[in-house]
Each structure stands twice: as structure tokens, then as C-alpha cells.
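Peer 1: This is the structure I have questions about; it appears just below.
The values are calculated or read from the model by the stated rules, or taken from the named source; none is laboratory data. Since the model is a prediction, treat every value here as computed from it, not as a measurement. Ideal geometry is used to build each Cβ from the backbone, glycine not excepted, and the neighbour counts take in all protein chains shown.
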Amino acid sequence: MAFSKIQIVGNLGRDPEMRYTPNGRPVTEFSVAVNQSTKNQQTGEWVEATDWFRVSVWGDRAERAAENLRKGNRVLVDGRFRTREYETKDGQKRVSLEITADTVMGLDKREQTEGTFTGAPAGGAPAGGPGPSGPDRSGSFDDSEIDELPF
């Protein structure tokens with residue numbers, strides 16, 4: 001099995017939307033904007049570019065994301081990456097940048113000190129890390145579940 005791993009830090013572009021698959025598994029989706037500034041070598045001016053990523057979070061993490069994240073929150077997302085091509089209603093071909101998150105960590109001060117978003121103890125350790133009972137597998141998923149996405 002091959003997959004691509006990615007980590008991004010950015011801001012939520014909209015409030016998370018949580019749904020359930022037909023078999024009752026929670027999944028939350030949100031978009032994250034990642035801004036990057038580069039210097040134009042010819043003009044010397046700084047140019048801002050934004051990449052948008054669609055993020056899906058599964059299981060217990062999906063519920064926590066829906067409860068604790070809001071538009072504008074700064075987050076770190078770690079997960080598996082894929083691109084999907086699609087066609088708009090007016091016939092234009094586009095590419096969607098999609099991440100299935102293994103870890104989502106709120107980076108705003110309130111979330112770091114409370115430790116509520118990732119379910120981690122205060123101090124901000126990401127969910128999914130080893131703990132007394134071993135790694136949390138509640139967010140793991142296999143590609144066959146993609147067809148279950150309700151959106």
C-alpha cells in the first residue's frame with residue numbers, strides 16, 4: 001500500500017461539518033487555508049499565495065473537531081494526502097487537495113492550555129500518540145470508506 005504523508009499549519013476557512021456514514025461512523029470535514037509568502041525575484045515584492053485543503057477527520061477525533069474548532073482557528077493537521085480531479089458545473093477541470101487527518105491539533109492559546117480539542121492532557125500532546133494503552137486507532141481508516149463519505 002502506498003500513501004502520501006503531509007503536515008500543514010493553517011486557518012479554518014469555515015466551521016467544521018460533522019456527519020455520519022450509513023454505518024454510523026462520525027466524519028467531520030473542514031477546509032484549511034495555508035498562506036505562503038514568496039519574494040518575486042524580479043520586482044523584489046512579497047507575493048502572498050493561499051492553498052486550500054479539504055480535511056476529513058474520522059471517529060472520536062471527528063466529534064472533538066466538530067465541538068471545538070471554529071472558522072478562523074489555527075490548526076496543525078497531520079495525515080494522508082491525495083488529490084482528486086473534478087469538473088465544475090461550467091465544465092472547468094479543477095483539482096481538490098484532500099487530507100485524511102490522523103492528528104488535528106488546535107494552535108490557538110485557548111485550545112493549547114485547555115487541551116480539549118485533541119483529547120490530550122494540558123500541554124498539547126497530539127491525539128493518536130502512544131499512551132498508557134498504546135496508540136489511539138480511533139481515527140484510522142481504510143480507503144474503502146471513501147465511498148461512504150456522505151458529502
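Peer 1: Which one of the conditions (1) assigned to a strand (DSSP E or B); (2) modelled with pLDDT of 95 or more; (3) touching a Gly at 6+ places or on another chain (Cβ under 9 Å) does K71 fail to meet, given that it meets all the rest?
Peer 2: So the condition that K71 fails would be (1).
Peer 1: Right, another one. Please tell me if E63 is among the acidic types (D, E) and at pLDDT 50 or above. So that I can check it myself, show each step before the final result.
Peer 2: Working: among the acidic types (D, E): yes; at pLDDT 50 or above: yes.
So E63 passes the test.
Peer 1: Within the group R25, R19, R14, which residue is more than 19 Å from G59 (Cβ to Cβ), in contact with a Phe, Trp or Tyr (Cβ under 7 Å, 6 or more places away or on another chain) and of a type in the set (K, R)? Steps first, answer last, please.
Peer 2: Details: R25 fails: more than 19 Å from G59 (Cβ to Cβ); R19 fails: more than 19 Å from G59 (Cβ to Cβ).
Every option except R14 fails the conditions.
Peer 1: Yes or no: T118 among the β-branched types (V, I, T), in contact with a strand residue (DSSP E or B) (Cβ under 8 Å, 6 or more places away or on another chain), modelled with pLDDT under 95 and not in a strand (DSSP E or B)?
Peer 2: Working: among the β-branched types (V, I, T): yes; in contact with a strand residue (DSSP E or B) (Cβ under 8 Å, 6 or more places away or on another chain): yes; modelled with pLDDT under 95: yes; not in a strand (DSSP E or B): yes.
Spelling it out, T118 is indeed among the β-branched types (V, I, T), in contact with a strand residue (DSSP E or B) (Cβ under 8 Å, 6 or more places away or on another chain), modelled with pLDDT under 95 and not in a strand (DSSP E or B).
Peer 1: For T43, all conditions in the list (1) closer than 28 Å to E85 by Cβ; (2) out of contact with any helix residue (DSSP H, G or I) (no Cβ under 9 Å at 6 or more places or on another chain); (3) among the β-branched types (V, I, T) hold save one; what is the number of the exception?
Peer 2: (1)
Peer 1: Could you tell me which residue of segment 29-61 is farthest from L97 (Cα to Cα), considering only residues that are outside any strand (DSSP E or B) and touching a residue at least 12 places away in the same chain (Cβ under 8 Å)?
Peer 2: Step one: list which residues in segment 29-61 are outside any strand (DSSP E or B), which gives 40-45, 59-61.
Okay, now just the ones that are also touching a residue at least 12 places away in the same chain (Cβ under 8 Å), so 59-61.
Details: G59: 21, D60: 23, R61: 20 Å.
This residue is D60.
Peer 1: How about segment 14-28: which of its residues are in a loop (DSSP other than H, G, I, E, B) and under 11 Å from the mean Cα position of the chain (by Cα)? It would help to see each step written out before you state the result.
Peer 2: Filtering segment 14-28 down to residues in a loop (DSSP other than H, G, I, E, B) leaves 14-16, 21-25.
P16 - this is the single residue of segment 14-28 that is in a loop (DSSP other than H, G, I, E, B) and under 11 Å from the mean Cα position of the chain (by Cα).
Condition check ((1) more than 18 Å from G10 (Cβ to Cβ); (2) among the β-branched types (V, I, T); (3) surrounded by 10 or more Cβ atoms within 10 Å (Cβ to Cβ)) across all residues:
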| position | (1), (2), (3) |
| --- | --- |
| S37 | no, no, no |
| A49 | no, no, no |
| E63 | yes, no, yes |
| E67 | yes, no, yes |
| N73 | no, no, yes |
| T83 | no, yes, no |
| D90 | yes, no, no |
| R94 | yes, no, no |
